[in-house]
Amino acid sequence: TGTFLTSKHALPLLRESEGHASIINFGSYDGFIADPELAAYCATKGAVHALTKAMACDHSPEGIRVNAVCPGYVDTPMLQSFFQENGDIDSLQQAVRDVHPLRTYGTPTDIANLVNWLASDEAGFVTGQNLVVVLMAVVSSEVLACYGRWGFSYGGVVERGNQGALLPRPPPPTI
């Protein structure tokens, strides 16, 4: 509800920006999968993903791009709390790192960099995307190829090109 209402009340102001507006929602990797004991969280993040795509369809013709950043494991107080509440901290930290192709988890700076890019004119042709940051190896039986630090499921993958530019890639094969 909060994501919807914030966007609803921001849209009149964004329409005045003459084609340079961008809404950046926050989903989650958990919006693509089902995690034990996180039904409400997974459901609400999945709703943010669907809302992002629907709003992009509705508002892109007005020059308002709508995308979502969907973090996986990011080194935040929330993640550290998870480690502390669930047993052997060192083993859990290693297990989390081991599920990532880069063998680490993300930082708030990783998320901020993607948000900055999405808000910029460099991302002027990107809309309706749910971008997974610090991507996991498997999403609900779909292999997300390890193309770099950013990727998104259900429609393609984004990677850094040879010159540091972000380039769209075709979706990985389904197993």
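Considering only F26, T107, G87, the residue lying farthest towards the positive end of the dipole of segment 1-113 is F26, judged by Cα position with unit charges set on Cβ.
Applying the criteria of a DSSP loop state and at most 12 other Cβ atoms within 10 Å to the GluC sites (Glu not before Pro) of segment 1-90 yields E18, E37. Pairs of Cα atoms nearer than 8 Å and 6+ residues apart set the relative contact order; for segment 48-103 it is 20 percent.
So if R0 is 25 Å, what FRET efficiency would F4 and A40 give, r being the distance between their Cβ atoms, rounded to the nearest 0.05? Working from the Cβ atoms, E equals 0.95.
Please give the length that would be gained between L11 and M78 if that part of the chain were fully extended, namely 0.36 nm times their separation in residues minus their C-alpha to C-alpha distance (nm, one decimal). Spell out each step's value before the answer.
Details: separation 67, 0.36 × 67 = 24.12 nm, distance 3.06 nm.
The L11-M78 span can extend by a further 21.1 nm.
Each label was represented as a point 7 Å from its Cα along the Cα-to-Cβ direction; for R103 and C57 these points are 4.3 nm apart.
The numbers here are math on the coordinates, done by the rules we state, and not lab data. The structure presented is a predicted model; accordingly, all values stated were derived computationally and were not measured. Cβ: placed from backbone, ideal geometry, glycine included. Neighbour counts: every protein chain shown.
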